[in-house]
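The values are calculated or read from the model by the stated rules, or taken from the named source; none is laboratory data. Just so we're clear, the structure is a prediction, and the values are computed from it rather than from any experiment. Here the Cβ is made from the backbone with ideal geometry for all residues, glycine too, and neighbour counts use every protein chain on show. All accessible areas refer to the heavy atoms of the entire protein, side chains included, with ligands and DNA or RNA removed. Shrake-Rupley method; radii C 1.70, N 1.55, O 1.52, S 1.80 Å.
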Amino acid sequence: MRKLAEKVVIVAQICITLVFAIITLLNMTAVFPENEIAVNNGVLTSLIIVLFLLYLGLSVYLIYVNFSERENVKQVLLFCDSESATRTTAKVVKNIVNSCAKQTTGITVRKTKIRSDEKKGFAITLRVNVNADNVAETIDTFRCLLADSFKNTLGLSFNTINFEINKLQTRYVPNVPTAEEKAEKLGDQREVTAEIYDNPLDNEIELNAPDEEQKDETTNGE
């Protein structure tokens, strides 16, 4: 259906281009008398404006289709030989993704995109909502389920499985007193570092080397 629409749009653009070319040629060769041109000038101008807007709209549609939607793959090649080829649709892949998401706690898949990559394979991008405290563990579990399901059901291996976290819900609450204590220490260290940086030769700060401290402790122990 989309390919048919693209063909219709291309034919329409060609017709509009021909109309523009004919009108320009007639005006340049002065086929129309001057009085008729003056009478029909308003009608001709309106027609040109309408055709221009139509041509612009069709061009925007073609750009959108070719550079946006065309990147998404609708069918994935599973295996083939000299006499046969077996493909599956993106809908089948999405069903497997949704099945794995139901088995993974805290994962909800919002959108699935399948695209061909530079390695002559396929890459899948999943836009998900995560409801978990440990995001890395949840995503890794989901990824392993996907890889296992694709491999053992379709015999398919994606070159890359990418995740985009669209929404995150977590019960984790940071420890504010600990953070404030660490921030205070960082502030003190920053002041010392700034003093050493500004006056590297004239500062009175003594820094003990780790080797010397360890030697002193060994000596005292003996």
Of all residues in region 171-188 being within 38 Å of the chain's Cα centre (by Cα) and of a type in the set (D, E, K, R), which is nearest to ASN134 (Cα to Cα)? ARG171
Anything in region 112-125 that is open to solvent by 50 Å² or more (accessible area, probe 1.4 Å) and without any contact (Cβ under 8 Å) to a residue 24 or more places away in the chain? List them, or say none. GLU118, LYS120
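If you take the residues of region 152-167 that are part of a loop (DSSP other than H, G, I, E, B) and open to solvent by less than 50 Å² (accessible area, probe 1.4 Å), which of them is nearest to GLY121 (Cα to Cα)?
PHE158
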All but one of (1) modelled with pLDDT of 90 or more; (2) surrounded by 10 or more Cβ atoms within 10 Å (Cβ to Cβ) hold for THR193; state the number of the condition that does not hold. (1)
So, in region 75-90, of the ones that are surrounded by 11 or more Cβ atoms within 10 Å (Cβ to Cβ) and out of contact with any Gly (no Cβ under 7 Å at 6 or more places or on another chain), which residue ends up nearest to LYS167 (Cα to Cα)? ALA90
Considering (1) open to solvent by less than 80 Å² (accessible area, probe 1.4 Å); (2) at pLDDT 70 or above, say which one VAL8 fails and leave the rest. (1)
